[in-house]
């Protein structure tokens, strides 16, 4: 068999597709492993280990419960309470306006993204205040 | 000597056994009847495949309904929509925090339910394609015109 015939053969195509598929599978597994570790670590340090699912470690969406700057406690949609830390680099917005940290009040509905720390707090990089949701989608705060 | 084989008959000529080969003249319609039988068999196999893929398409759609409902519930319960809205509303800020927003989107994605739904959709599309392919193809093994 000539070399050119081998590279055009059905067997070679199957081998190539199998290799690509295996690479994608391993990459997906590795990414999932990394994300799972971060979520489990966040849940463990925060004392909110759940049987069904771990909460998001890099962000939160929910209603502001208490504001004790620089810490803000939020009731997430899944019922867990998370603490976000507002720092000098945190950008806070409402509609097109940029707000100060003192503009956040209890009862506001916000979405925040940031980096988790060892105390399962999220150092917020960006916070956006959202319109209050409808009754059916309102978060259920843990008691 | 075997008397049942018509092609070969033993004959005695001058008291010496002579084996004579008598040519067989087959039925002139045997070729067409053979083609018809082969085509009929191929058509039966094609019809069986069409029914099999139709059944698999129906099963995949039936299984997709509860999975799709579960997927919609999972998306509604997750924060994926809120994080995705930030990508469109605050693009310039999100670009500088691309690691955090990427991790947030990945963490909030209901991956397992989404994968199950995609597998069922792929199964349905593949079954549909195979069903159309086999139903549109009329397999003709041989024909006199060829």
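Please treat every number below as a calculation from the coordinates, not as lab data. Bear in mind that the values here come from a model prediction, so they are computed numbers and not experimental data. Cβ sites come from the backbone with ideal geometry, for glycine too, and all protein chains shown count toward neighbours.
As an exercise, use a Förster radius of 41 Å and the Cβ-Cβ distance of residue B:43 and residue B:20 to find the FRET efficiency, rounded to the nearest 0.05.
Working: r = 44 Å, r/R0 = 1.07.
Efficiency, from the Cβ-Cβ distance: 0.40.
Pick out which of A:37, A:12, A:54 has the largest mean-square fluctuation in a Gaussian network model of chain A, springs linking Cα atoms closer than 10 Å.
Most flexible of the set in this elastic network: A:12.
Give me the Å³ per residue figure for the convex hull around the C-alpha atoms of chain A. Display every interim value, and only then the final one.
Numbers: hull volume 28.6 nm³, N = 143.
In chain A, the Cα convex hull volume per residue is 200 Å³.
Based solely on its DSSP helices, what 222 nm [θ] is calculated for chain A when runs of n ≥ 4 H residues each add -39,500 (n - 2.57) and the sum is averaged over all residues, nearest 500 deg cm²/dmol? Could the numbers behind the result be given before it?
Values: 2 runs with 42 residues, N = 143.
Taking each H run of at least 4 residues, the total per residue is -10000 deg cm²/dmol.
Taking the Cα centroid of the stretch A:119-133 and of the stretch B:92-114, what is the distance between the two, rounded to the nearest whole Å?
14
Which of B:32, B:100 has the fewest other C-beta atoms within 10 Å, and how do the rest follow up to the most? Please report the intermediate quantities before stating the final value.
Details: B:32 13, B:100 23.
Result, fewest neighbours first: B:32, B:100.
Pull up the DSSP beta bridges for chain A and report the antiparallel fraction as a percent, rounded to 5.
75
Assuming R0 = 41 Å, can you tell me the calculated FRET efficiency for the pair residue A:17 and residue B:91, based on Cβ-Cβ distance, to the nearest 0.05?
Numbers: r = 36 Å, r/R0 = 0.89.
The pair residue A:17/residue B:91 has a calculated efficiency of 0.65.
How well do other chains shield peptide B:94-101, expressed as the mean number of their Cβ atoms within 10 Å of each residue Cβ? Could the numbers behind the result be given before it?
Working: counts 3, 0, 4, 9, 0, 4, 12, 5.
If you average over the peptide's residues, the count of other-chain Cβ atoms is 5.
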